[in-house]
Amino acid sequence: MRHRFSFLLEGVGGGGVGMYRSPEDGNWDHGGDLPRSERSRNEILDASTTVNPFGPPFSLDDMIRQAGERWAFYPDPWSRELAREISGCLHIPSDCLLPGPGATSLIYRWMEVVRPRRLILFEPVFSEYPRAARLYDVPCHFVAGRVPLPFSGEPPSTASQWGVDIFSRYPVEAGDWFVVVNPVNPTGQSFRAIELEELSNRLAQRGAGLLVDESFQDFLGNRDSLLLRINDNNPFLAVLRSLTKVTGLPGIRTGWLAGDREMVEKTGKSLGPWAVGALESVVMEQYYRSFPSDFSRIKMARDRLSSSLSAQGYPVAPGEAPFLFLYTGWGMEAFRIRDDIFHKKGVFLRVADGFGPVSGFDYLRLGFEAFSKPQLIEELFLDLI
């Protein structure tokens, strides 16, 4: 059994273009594809997605009541009041923030507006970035890590060890945009804000930009966020957030994009008026009124399941995000095992091939709904040994 993320070493030269297997080459798999299941939602443990199983940090009854008071009216067409309320909680200018119907939608609109000369992605990476780039004919390049990431012991302690310091490896040119997910999805490592700020500054000096996907920063208490570096004088930095995961309400599409005023305004026009409805607005308002939230319960459940799986011989990557990335060694049998063993027991899993690496069949990302029933997960993996 391999105990290293060897795929992070492959194809380092030239951005690792040859190692990437497009998610369009196989099934479109984000996890959470439950409508096809014959089981009821209460009978399913959906470990395939990264959705908070403990629900939102506010009252659903209050959310429905407030939204119901607005349903008979058109919402604010450009979500300006919502942007002001959220930006006040985040301490950034309101015209530098764009609420939207989920981070995925904002990725596509951002790509349409910015049209990077090239999109450089540090992989593994969320599959919608290369998919959106292809839609708008944006050349896409992939950068693998500089060193292997061990399952046991200390992970790389700096962004440069991961491979984010790419200036000695990649010819950066004006118009390029780099995407870094922090913490990394699906492996869970976190980069320090000071490192990413330095990277952003160096890119800006060459006319290149940095988009930081912070969809899981709330679980870290925003410790490594670059949000406070957002201002109207920096057109080379953007920050993206998804709120569907942290609120535990993926069926209500919520998220926001932050950056300089011109980019935010153009992206908002690309979304069109009334892109954020009454229910989405109330969810975002309620979340930030209760912010910051306490995620210690999730962290304890994650650490418990991580220790248990490691003890069973399934190495787990050391990370801080609200999910687990583990080595199975299942290879091309991964989907058969997932469907014939786990699905039949009502447990949905996410095989990691969709994040890009060709060896992703050997890995799983366990979303943190798995933490709500750790005994069931432990029993199923134990049965496979």
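The values are calculated or read from the model by the stated rules, or taken from the named source; none is laboratory data. In this text, all values refer to a predicted model and were calculated from it rather than measured experimentally. Using ideal geometry, Cβ is built from the backbone for each residue, glycine included, and neighbour counts are taken over all protein chains shown. To get the accessible areas, we keep the full protein, side chains included, count just its heavy atoms, and leave off ligands, DNA and RNA. Shrake-Rupley method; radii C 1.70, N 1.55, O 1.52, S 1.80 Å.
Would the range 201-320 count as rounded, prolate or oblate if I go by the C-alpha gyration tensor, calling it rounded below 1.5 in a/c and otherwise prolate when a/b exceeds b/c, oblate otherwise?
Verdict is oblate for the range 201-320.
First compute the accessible area of the range 211-322 with a 1.4 Å probe, then give the percent of it belonging to carbon and sulfur atoms. If you can, show how the numbers build up before the last one.
Details: 2070 of 4090 Å².
The nonpolar share, carbon plus sulfur, comes to 51 percent.
Can you order the peptides 177-190, 121-134 by their average number of other Cβ atoms within 10 Å per residue, highest first? Show your work: numbers first, answer last.
Numbers: 177-190: 24.1, 121-134: 21.9.
Taking the mean over residues of other Cβ atoms within 10 Å, the ranking is 177-190, 121-134.
In what sequence, highest mean first, do 88-101, 207-220, 293-306 appear when ranked by Cβ atoms within 10 angstrom?
My ranking of the peptides, most packed first, is 207-220, 88-101, 293-306.
Under a cut-off of 24 Å between alpha-carbon atoms, report the lysines in cross-link reach of residue 344, not counting same-chain residues fewer than 8 places apart.
Within the straight-line cut-off, residue 344 pairs with 373.
Report ³J(HN,Hα) in whole Hz for each residue of the range 267-278, in order, from the Karplus equation J = 6.51 cos²θ - 1.76 cosθ + 1.60 where θ = phi - 60°; Gly and Pro get x.
So the Karplus estimates, Gly and Pro as x, are 5, x, 5, 5, 5, x, x, 6, 5, 10, x, 4 Hz.
What order, most packed first, do the peptides 333-340, 247-254 have when packing is the mean number of other Cβ atoms within 10 Å of each residue?
Taking the mean over residues of other Cβ atoms within 10 Å, the ranking is 247-254, 333-340.
Rounded to the nearest whole Å², what accessible area per residue is found for the range 240-347 with the 1.4 Å probe?
39
Through the Karplus equation 6.51 cos²θ - 1.76 cosθ + 1.60, θ set to phi - 60°, convert the phi angles of the range 80-86 into ³J(HN,Hα) values in whole Hz; use x for Gly and Pro.
5, 5, 4, 4, 5, 5, 5
Carbon-plus-sulfur fraction of the accessible area of the range 55-133, 1.4 Å probe, in percent?
Carbon and sulfur atoms account for 54 percent of the accessible area of the range 55-133.
Would you give the gap between the C-alpha center of the range 309-337 and the C-alpha center of the range 288-308, rounded to a whole Å?
20
For residue 269, give me every one of the lysines with a C-alpha distance below 29 angstrom, ignoring sequence neighbours fewer than eight places off in its own chain.
In chain and number order, the partners are 245.
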